[in-house]
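Only one structure is covered here, and it is reproduced in the block below.
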């Protein structure tokens, strides 16, 4: 996590590395800023959403040739999408109808949700999570005299 006394350039470089790791592995940015539970929750939920989209529509929903506008948000999910896009570029995996639409929606939504997580993890890396800005909890009984 960003230290209070670190320079701005160091914090920017750390935030950029958090963004890169968050793109390569969904939730990985939160892992770098030491929020492991949030990282695990994001990884599991986004990976299941992406896998559900692939299950519903087959890998044919990752189509960088004919569905380029769906390919962009899918690509935000992970670089793995580029590998799948190379496999499906030959056109041997056609998908039509509702399963294609739903699969594209699920995989694209997983990518866009990952983009939000990347931005948030980078902001935490750059500015901190606000833990050092919060006032300490005061004791309820402080200041009360004995009766």
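The values are calculated or read from the model by the stated rules, or taken from the named source; none is laboratory data. What you are looking at is a predicted structure, and each value in this text was computed from that prediction instead of being measured. As a convention, Cβ positions derive from the backbone with ideal geometry for all residues, glycine included, and neighbour counts pool all protein chains shown.
Enumerate the pairs (first residue in the stretch 17-28 and touching a residue at least 40 places away in the same chain (Cβ under 8 Å); second residue anywhere and assigned to a loop (DSSP other than H, G, I, E, B)) with beta-carbon separation below 8 Å, excluding pairs fewer than 6 apart on the same chain, so at least 6 apart or on different chains.
Close Cβ pairs satisfying both conditions: 18/33; 23/78; 23/79; 24/78; 24/79; 25/78; 26/78.
So, residue 101, is that one out of contact with any strand residue (DSSP E or B) (no Cβ under 8 Å at 6 or more places or on another chain) and surrounded by 15 or more Cβ atoms within 10 Å (Cβ to Cβ) or not? Explain how you work it out, then say what you get.
On the way: out of contact with any strand residue (DSSP E or B) (no Cβ under 8 Å at 6 or more places or on another chain): yes; surrounded by 15 or more Cβ atoms within 10 Å (Cβ to Cβ): yes.
So residue 101 passes the test.
Any residue at all in the stretch 1-9 that's over 18 Å from residue 94 (Cα atoms), in contact (Cβ under 8 Å) with a residue 12 or more places away in the chain, surrounded by 14 or more Cβ atoms within 10 Å (Cβ to Cβ) and over 17 Å from the mean Cα position of the chain (by Cα)?
Yes, some residue in the stretch 1-9 is over 18 Å from residue 94 (Cα atoms), in contact (Cβ under 8 Å) with a residue 12 or more places away in the chain, surrounded by 14 or more Cβ atoms within 10 Å (Cβ to Cβ) and over 17 Å from the mean Cα position of the chain (by Cα).
Please determine whether any residue of the stretch 35-48 is over 19 Å from residue 105 (Cβ atoms), buried (at least 20 other Cβ atoms within 10 Å of the Cβ) and free of Cβ contacts under 8 Å to residues at least 40 places away in the same chain.
Yes, the stretch 35-48 contains at least one residue that is over 19 Å from residue 105 (Cβ atoms), buried (at least 20 other Cβ atoms within 10 Å of the Cβ) and free of Cβ contacts under 8 Å to residues at least 40 places away in the same chain.
Go through (1) in contact with a helix residue (DSSP H, G or I) (Cβ under 9 Å, 6 or more places away or on another chain); (2) surrounded by fewer than 22 Cβ atoms within 10 Å (Cβ to Cβ); (3) closer than 21 Å to residue 73 by Cβ; (4) modelled with pLDDT of 85 or more and name the single condition residue 126 misses.
Single failed check for residue 126: (3).
Could you list, in sequence order, the residues of the stretch 10-33 that are at pLDDT below 90 and either over 12 Å from residue 123 (Cα atoms) or under 16 Å from the mean Cα position of the chain (by Cα) (or both)?
Hit for the stretch 10-33 is 10, nothing else.
Residues 79, 94: which one is surrounded by fewer than 16 Cβ atoms within 10 Å (Cβ to Cβ), in contact with a helix residue (DSSP H, G or I) (Cβ under 7 Å, 6 or more places away or on another chain) and in contact (Cβ under 8 Å) with a residue 40 or more places away in the chain?
After ruling out the rest, the residue left standing is 79.
Can you pull out the residues in the stretch 40-70 that are more than 13 Å from residue 103 (Cβ to Cβ), modelled with pLDDT under 95 and part of a helix (DSSP H, G or I)?
If the condition is that a residue be more than 13 Å from residue 103 (Cβ to Cβ), modelled with pLDDT under 95 and part of a helix (DSSP H, G or I), then 68, 69 are the ones that fit.
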